[in-house]
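Let me begin by presenting the structure, written as structure tokens, before commenting on it.
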Amino acid sequence: MSVTLETRYLEGFVRSHELGALQTQVNAAHEMLHAGTGLGSDFLGWLTLPTDYNKEEFARIQAAAERIRRDTDILIVIGIGGSYLGARAAIEFLKSPNYNAKKKDTPDIYFAGNSISAAALSELLELCEGRRVSVNVISKSGTTTEPAIAFRVFRDYLERTVGHEEAKKRIYATTDRARGTLKAFADREGYETFVVPDDVGGRYSVLTAVGLLPIAAAGCDITALMEGAAEAQKALNDPSLDSNDCYRYAAARNVLLRKGRAVELMVSYEPCCTMMGEWWKQLYGESEGKDGKGLFPASVTFSTDLHSLGQFVQDGSNILFETVLQFDRNPGELIIQEDAENVDGLNFLAGRSMSEINRKAFEGTVLAHSDGGTPSLVLRVPAADERSLGYLIYFFEKACAVSGYLLGVNPFDQPGVESYKRNMFALLGKPGYEGEKAVLEKRLGL
Ligand code: PA5
């Protein structure tokens, strides 16, 4: 059971010796990662998390998820960036993008606090009317504005509808072990709390309580998820590019970037992977995009987006390469039936499975894009199940860290994210930002 990389569609774009030429740099990146001597080495907790996770807390997560499944109709997961994308991606990958609409014995799960949209938050409040609601508020720093606003709104909602004491039992807080206003508030109120480890950054935190509690509440097997990740931890430990597909992926994308392919398009032919694309974009975008460097990560779902972006990928400027996720075992199956009249002319497909047709769409597309000047990497994933997902998450995290080191950046910080926050706080008149307010207002013509 593993995720494997196929590089055959790089032919004509990258020669095999070009990948091999990166072996020395990959060895150095591997060494920095495992010896903790590289940039950002305070944030390497994710590297051994699949085996070293806190077992006592893991049992509490499972117990809390069980309680939520029993006493909750709607779980509101409040968080932004790394504090929500992993859980949402995992639930859609393992259950469905239509999870909430399906018949099930687990709660609906909605995500809040990932924007500042009044419309989105008001709509969620409406959906909660008359239903049993629990809240999982997630913020490592405990100070992020978007989730803090949503939490204030939902705390007030719960306290009004079920009372202060019952609200305390329905709020679960995932945050720093000791720091931040959320931790202090949770302790004061007596919420059950879970920890984002100090040495695990937000976008690397899906295999901590950040992701695990919502994923378990959706009825997914988080033990199998961790086992899949542990398998990857063990398998992806050899620096050799000949045997380590995770490092080969990092090396290939680095070579492609050097050849002017500054955009990596994550492609899937299954809508259950759409949110995985969002999670992956944050992981790579925040880890690599700094110091004037990095690949721009974008994502699409085919064949849907072949009817929108397909034209550009086929025929537009040669700035892209694709990384295509393909399943060995298809997530679902449907056979096309014979139609006596054949008015739609589709009888040539009768008796054939949609998975086969989808596969032909992939094969036809990858060749067409190659002809049009866009190379592809293919990542083969065994199945849309917990073990495969655990493996895939670890694969992407480790490849991301090595990619960052190959670029010479710190893959674990995000200094650029602060700039918009400073401006927003200044414009809103937050105490401490008075100096900047007038300057910004003048630039805006206010
Ligand atoms: O990767 C990161 O660190 C960020 O994307 C954070 O996850 C995001 O900004 C949310 O931060 P916090 O969990 O502190 O609210």
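Structure above, values below:
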{"quantity": "Size of the range 130-180 as Cα extents on the principal axes (Å, biggest first)", "calculated": "32, 20, 15"}
{"quantity": "Theoretical FRET efficiency, 1/(1+(r/R0)^6), r = Cβ-Cβ of A63 and R152, R0 25 Å, to 0.05", "calculated": "0.35"}
{"quantity": "Loop sites in the range 83-186: trypsin sites (Lys or Arg not before Pro), DSSP, at most 10 other Cβ within 10 Å", "calculated": "K102, K103"}
{"quantity": "Evaluated at q = 0.13 Å⁻¹: base-10 log I(q)/I(0), Debye formula over Cα of the range 203-296", "calculated": "-0.61"}
{"quantity": "Calculated FRET efficiency for the pair E166/L428, C-beta based, R₀ 41 Å, to 0.05", "calculated": "0.80"}
{"quantity": "Theoretical FRET efficiency, 1/(1+(r/R0)^6), r = Cβ-Cβ of I116 and D291, R0 35 Å, to 0.05", "calculated": "0.75"}
{"quantity": "Distance in nm between pseudo-label sites at K421 and L367 (7 Å out along the Cβ direction from Cα)", "calculated": "5.0"}
{"quantity": "Neighbourhood charge, 13 Å Cβ-Cβ cut-off, centred on G277 and excluding it, Lys, Arg +1 and Asp, Glu -1", "calculated": "-4"}
{"quantity": "Cβ-based net charge around L295, under 10 Å, with every Lys or Arg adding one and every Asp or Glu removing one", "calculated": "+1"}
{"quantity": "Rg and Dmax of the range 370-409, Cα atoms only, in Å", "calculated": "13.8, 36"}
{"quantity": "Inter-label distance, nm, simple model (7 Å from Cα along the C-beta direction), K360/F312", "calculated": "2.9"}
{"quantity": "Ranked list, fewest to most other Cβ atoms within 10 Å of each Cβ, for L444, L320", "calculated": "L444, L320"}
{"quantity": "Length added when fully stretched, E56-R329, from 0.36 nm per residue minus Cα-Cα", "calculated": "94.9 nm"}
{"quantity": "Cα-derived Rg to Rh of the chain, Kirkwood definition", "calculated": "0.99"}
{"quantity": "Cβ-based net charge around C400, under 9 Å, with every Lys or Arg adding one and every Asp or Glu removing one", "calculated": "0"}
{"quantity": "Hypothetical label at R8: residues of the range 344-368 whose amide nitrogen lies under 19 Å (7 Å Cα-Cβ projection)", "calculated": "356-368"}
{"quantity": "Cα Rg over Rh - the range 150-203, Kirkwood", "calculated": "1.02"}
{"quantity": "nm² value of the averaged projected area, convex hull over the Cα atoms of the range 363-446", "calculated": "11.3"}
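No value in this document is a laboratory result; all are computed from the given coordinates. What you are looking at is a predicted structure, and each value in this text was computed from that prediction instead of being measured. No Cβ is skipped: glycine too gets one built from the backbone with ideal geometry, and neighbour counts run over all protein chains shown.
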